[in-house]
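The values are calculated or read from the model by the stated rules, or taken from the named source; none is laboratory data. Everything numeric in this text was worked out from a predicted model, so none of it was measured. Heads up, the Cβs are rebuilt from the backbone with ideal geometry, glycines too, and the neighbour counts pull from every protein chain shown.
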Amino acid sequence: MGKPVGLTRERILDAALALVDRDGLAKLSMRRLGAELGVEAMTLYHHVPNKDALLDGVVERVIAGTRPSPEPGLDWIAGFARSLRRALLAHPRVVPLLASRPISTPGGLAMLERALEALAEIGLSPIEGASLLNAVATFAVGHVLAEVPADTEPDLPDLAEYPRVARAVADGLGTPADHEARFESVLKALLSGLGPAL
């Protein structure tokens, strides 16, 4: 039996990502995704063998949105970190998935291969390049996890007893501008420390 006409892996992954963006990871199932696409759930298995493959494909779709600068070097690495953060902020409900699943699809591995090729141009071996990418990606994912608002606001006590915390909040702690500034500050420190090694 052939694959249904008009249905592709890319279309399925795009629909899965849209569903997660709208309703959250917990609501993603093959049955619900099939309903979104107007097909039986079993039809999806012609393109994605199981739920794990679907989740891996969603990760691939998100990281496909990263666009570092074309020139290798520290600017390339900084561009990768900024681009990854933007892609994650565009799909905040997928961030926990990226934090827990390694890149394992052919599309994801092809992107990793291109990244390691760019880092090889500045003298990094595959293991050095992979370690650097992992460090920067882990920082970006962790930072976005802290940036994404929780489903419920915490019930904070009166901050009068915590004047320094109150001052930090009054000065903009936790605002988008604060997150941006802290991301750039730590990224700069991270790359400054890595610079001599590169």
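Check Phe139 against each of (1) under 27 Å from Asp75 (Cβ atoms); (2) of a type outside the set (Lys, Arg); (3) at pLDDT below 90; (4) in a helix (DSSP H, G or I) and name the one condition it does not meet.
(3) is the only condition that Phe139 fails.
How many residues does the stretch 105-133 hold that are under 14 Å from the mean Cα position of the chain (by Cα) and in a loop (DSSP other than H, G, I, E, B)?
The total comes to 0.
When you check Glu153 against the structure, is it surrounded by fewer than 13 Cβ atoms within 10 Å (Cβ to Cβ) and either modelled with pLDDT of 90 or more or part of a loop (DSSP other than H, G, I, E, B) (or both), yes or no?
So Glu153 passes the test.
Considering only the stretch 33-47, I want to know if a residue exists there that is part of a loop (DSSP other than H, G, I, E, B) and either under 22 Å from the mean Cα position of the chain (by Cα) or exposed (fewer than 13 other Cβ atoms within 10 Å of the Cβ) (or both).
yes
Is it the case that Ala81 is small (Gly, Ala, Ser), assigned to a helix (DSSP H, G or I) and surrounded by 20 or more Cβ atoms within 10 Å (Cβ to Cβ)?
Answer is yes for this residue.
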